[in-house]
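Novice: What follows is a structure written as C-alpha cells; I'll ask about it next.
The values are calculated or read from the model by the stated rules, or taken from the named source; none is laboratory data. Treat the numbers as computed from the prediction; the structure is a model and nothing was measured. Note: ideal-geometry Cβ built from the backbone for every residue, glycine included; neighbour counts use all protein chains shown. Ligands, DNA and RNA are stripped out before the accessible areas are found, and what is left, the full protein with its side chains, is counted by its heavy atoms. Shrake-Rupley method; radii C 1.70, N 1.55, O 1.52, S 1.80 Å.
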Amino acid sequence: MDKKILGPAYKDVAAKYAGQDVVDQLAQKVMKGGGGVWGQMPMPANSVTPEEAKRLVQWVLSKK
Ligand code: HEM
C-alpha cells in the first residue's frame, strides 16, 4: 500500500497520476504487464478482465 516491494507503492502511483485521465491506460498495463516507468523491474501480466482491471486501477488511484 505505502511501500515499494516489487512494484511501486499504490500511494505513489496515486500521487503520480493525480488529476490525470489514465484509468484505461493503467488498466491495459495491469492486464498485459509492462515496465519502464518505476524502474527496471517489469510488472507481469495479471489474469483479470477489462472490467476488473479498471476497478482495480480506480481503487489504486483512490489511495492518495
Ligand atoms: C504479481 C503481481 C504483481 C507484480 C509483481 C507487480 C509488479 C509491478 C511492477 C514491477 C511495476 C512497475 C512497472 C513499471 O516500472 O512500469 C508495477 C506497476 C503497477 N502495478 Fe503492478 N504488479 C502486480 C500486480 C498488480 C495488480 C493486481 C495491480 C492492480 C491492482 C497492479 C497495479 C499496478 C499499477 C497501477 C502500476 C503503475 C503502472 C505505471 O505507472 O505505468 N499491479 N507493478
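Novice: For the subset of segment 13-25 comprising residues that are open to solvent by 90 Å² or more (accessible area, probe 1.4 Å) and within 9 Å of the ligand (Cβ to nearest atom), which member is nearest to Met1 (Cα to Cα)?
Specialist: Lys16
Novice: Then there's this: Could you grab me the full set of residues in segment 41-64 that are open to solvent by 80 Å² or more (accessible area, probe 1.4 Å) and more than 8 Å from the ligand (Cβ to nearest atom)?
Specialist: Scanning segment 41-64 gives Ser47, Glu51, Glu52, Lys54, Arg55, Gln58, Lys64.
Novice: Name the pairs: first residue in segment 47-61 and at pLDDT 95 or above, second residue of a type in the set (Phe, Trp, Tyr), Cβ to Cβ under 7 Å, at least 6 apart or on different chains?
Specialist: Final answer for the pair search is Val60/Tyr10; Leu61/Tyr17.
Novice: Tell me whether segment 26-39 contains one or more residues that are at pLDDT 95 or above, polar (S, T, N, Q) and exposed (fewer than 15 other Cβ atoms within 10 Å of the Cβ).
Specialist: No.
Novice: Same structure, new question: Condition test on Ala18, is it out of contact with any helix residue (DSSP H, G or I) (no Cβ under 7 Å at 6 or more places or on another chain) and at pLDDT 95 or above?
Specialist: yes
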